[in-house]
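Asks: Please read through the structure below; I'll follow up with questions.
Bear in mind these aren't lab numbers, they're just calculated from the coordinates by the rules spelled out. The model shown is predicted, which means the values in this text are computed figures rather than measured ones. With ideal geometry, Cβ positions are generated from the backbone for all residues, glycine too; neighbour counts draw on all protein chains shown.
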Amino acid sequence: MSDKELLVTKINYGTVIDHIPSGRALAVLRVLGINGSEGYRVALVMNVESKKMGRKDIVKISGRTVDEKESNLITLIAPNATINIIKDYEVVKKMKMKVPSVIRGILKCPNPSCITNNDPEAFTKFVSISENPLRIKCDYCETTITEAEVIKQVL
Ligand code: CTP
Ligand code: ZN
């Protein structure tokens with residue numbers, strides 16, 4: 001590991017989300033529902049040099065792991081992210097996820113007349129049509145949304 005990466009020290013137990021496109025670390029925390037009040041120790045590294053991607057962000061969360069469902073959601077804003085589960089200072093699991101084929105309940109349909117915006121009982125359901133660039137489609141009214149719209153909704 002280079003000295004630059006040691007900007008933030010290694011963690012004992014928790015999750016390291018690496019290879020996040022630069023500037024999106026906060027959006028990653030947002031999809032995980034972490035705002036600081038939970039008490040986890042969180043380190044954000046933003047706009048550091050990366051061999052693979054120019055600049056990247058890294059998020060380190062001590063004391064909390066990330067499950068498969070959350071890992072899937074992270075791909076919506078960080079398609080190439082690597083999710084490292086850390087135990088006793090070692091990487092015990094390294095996950096690279098794909099955009100899920102169905103995304104339920106987290107995003108809103110931008111079409112005001114969509115049933116999901118009018119029936120209080122309805123949950124949103126989007127299906128993935130393209131991973132890179134990201135495009136997903138409302139399963140009810142076929143409105144498509146792009147990565148920019150997803151980020152806007154998450155932030
Ligand atoms: N990491 C950490 N604390 C640990 C172990 C690892 O914060 N106890 C961080 C590393 O700094 C790195 C990420 O977790 O940002 C992944 O660690 P590792 O797999 O050792 O690094 P690389 O081999 O560089 O990962 P990749 O191949 O995914 O780029
Ligand atoms: Zn819709």
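Asks: Please state the charge dipole magnitude for the range 18-59, taken about the Cα centre, from unit charges on C-beta atoms (+1 on K and R, -1 on D and E), reported in debye and rounded to the nearest 20.
Replies: That gives a dipole near 160 debye.
Asks: What does the helix-only formula give at 222 nm for the chain: each DSSP H stretch with n ≥ 4 adding -39500 (n - 2.57), the total divided by the residues, and the result rounded to the nearest 500 deg cm²/dmol?
Replies: -3500 deg cm²/dmol
Asks: Which whole-angstrom value gives the distance between the alpha carbon centres of the range 1-69 and the range 89-155?
Replies: 22
Asks: Can I ask one more? Please give the contour-minus-distance gain from Asn35 to Arg104: 0.36 nm per residue of separation, less the Cα-Cα distance, rounded to one decimal in nm.
Replies: Between Asn35 and Arg104, full extension yields 22.7 nm more.
Asks: Using 1/(1 + (r/R0)^6) with R0 = 30 angstrom and r between the beta carbons of Glu121 and Thr65, what's the FRET efficiency to the nearest 0.05?
Replies: That gives a FRET efficiency of 0.40.
Asks: Extension gain Leu155-Met53, at 0.36 nm per residue separation less the Cα-Cα distance, in nm?
Replies: Difference between extended and current length: 34.5 nm.
Asks: Place +1 on the Cβ of every Lys and Arg and -1 on the Cβ of every Asp and Glu in the chain, take the dipole about the Cα centre, and give the residue among Gly36, Ala25, Ile115 whose Cα lies farthest towards its positive end.
Replies: Ala25
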